[in-house]
Ligand SMILES: [Mg+2]
């Protein structure tokens with residue numbers, strides 16, 4: 001029987017028996033995007049401005065077009081690029097803020113259920129490998145995944161077709177039997193073009209920002225909405 005997105009992702013939840021692979025984004029999906037938004041939106045402009053005698057608001061205004069110019073490109077996620085571009089030691093600054101790295105609600109419960117399941121559980125992130133390592137040190141991330149991939153290793157972000165070709169080579173998957181969860185709808189667009197059949201987004205990637213009512217892809221607020229059908233963990 002031909003499978004459609006609707007047959008797997010319905011209001012009743014997910015038919016996990018129709019899936020072999022789950023691809024999971026990190027920031028804004030499993031982890032609270034508040035950390036990244038605060039770091040890049042406030043901490044980095046603050047440090048940059050401090051060296052130039054500017055307050056945070058003036059720095060934010062000055063840097064907004066600089067950041068906007070790199071959005072969706074690998075540079076956007078690249079600590080080396082921003083260290084050079086802004087003349088700041090971004091990894092060292094980031095080290096000082098690691099206590100702000102937090103799970104989203106229910107992420108660990110969800111990952112426990114996935115670990116107990118038949119699924120190949122793969123983290124795919126645009127985070128720089130240094131950031132990924134920092135986050136994996138702060139939180140026990142790695143134990144939940146069969147494989148963790150930073151798009152920097154492929155030299156191209158998840159928003160591009162080349163990423164998906166590289167992922168297929170590195171960690172083969174059946175697009176028809178794969179669920180991909182990511183808070184970025186631009187990233188989901190690229191996955192859809194590649195042919196990933198089951199796509200899901202999040203209503204509140206950043207716990208300090210309003211819940212998104214309008215999304216272009218099916219959305220959940222908390223993972224409890226899709227736990228049914230996964231093995232129990234007690
Ligand atoms: Mg994300």
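Of the residues 43, 66, only one is away from the ligand (no atom under 16 Å from the Cβ), free of Cβ contacts under 8 Å to residues at least 60 places away in the same chain, more than 17 Å from the chain's Cα centre (by Cα) and buried (at least 17 other Cβ atoms within 10 Å of the Cβ); which?
43
Go through the range 106-124 and report how many residues are touching a strand residue (DSSP E or B) at 6+ places or on another chain (Cβ under 6 Å) and within 15 Å of the ligand (Cβ to nearest atom).
3
Restricting to the range 171-204, name every residue that is over 11 Å from residue 22 (Cβ atoms), within 12 Å of the ligand (Cβ to nearest atom) and crowded, with 23+ Cβ neighbours inside 10 Å.
Once the filter is applied, which keeps residues that are over 11 Å from residue 22 (Cβ atoms), within 12 Å of the ligand (Cβ to nearest atom) and crowded, with 23+ Cβ neighbours inside 10 Å, the range 171-204 yields 182, 183, 187, 188, 201, 202.
Can you tell me which residue among 188, 209 is in a loop (DSSP other than H, G, I, E, B) and under 24 Å from residue 135 (Cα atoms)?
After ruling out the rest, the residue left standing is 209.
May I ask you to say which residue of 125, 131 is in contact (Cβ under 8 Å) with a residue 12 or more places away in the chain, assigned by TED's automatic domain parsing to the domain that holds residue 199, within 19 Å of the chain's Cα centre (by Cα) and closer than 24 Å to residue 221 by Cβ?
Checking each option against the conditions leaves just 125.
Take the range 146-169 and flag every residue that is touching a strand residue (DSSP E or B) at 6+ places or on another chain (Cβ under 7 Å), surrounded by fewer than 20 Cβ atoms within 10 Å (Cβ to Cβ) and assigned to a loop (DSSP other than H, G, I, E, B).
146
Rundown of residues vs (1) within 21 Å of residue 29 (Cβ to Cβ); (2) at pLDDT below 95; (3) part of a loop (DSSP other than H, G, I, E, B), yes/no style:
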| position | (1), (2), (3) |
| --- | --- |
| 58 | no, no, no |
| 76 | yes, yes, no |
| 80 | no, yes, no |
| 91 | no, yes, no |
| 105 | yes, no, yes |
| 121 | yes, no, no |
| 124 | yes, no, no |
| 143 | yes, no, no |
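Does residue 118 fit the bill of being surrounded by fewer than 17 Cβ atoms within 10 Å (Cβ to Cβ) and within 26 Å of residue 221 (Cα to Cα)?
Taking the combined requirement at face value, the residue satisfies it.
The values are calculated or read from the model by the stated rules, or taken from the named source; none is laboratory data. Note that the structure is predicted; figures quoted are calculated from it, not measured. Cβ: placed from backbone, ideal geometry, glycine included. Neighbour counts: every protein chain shown.
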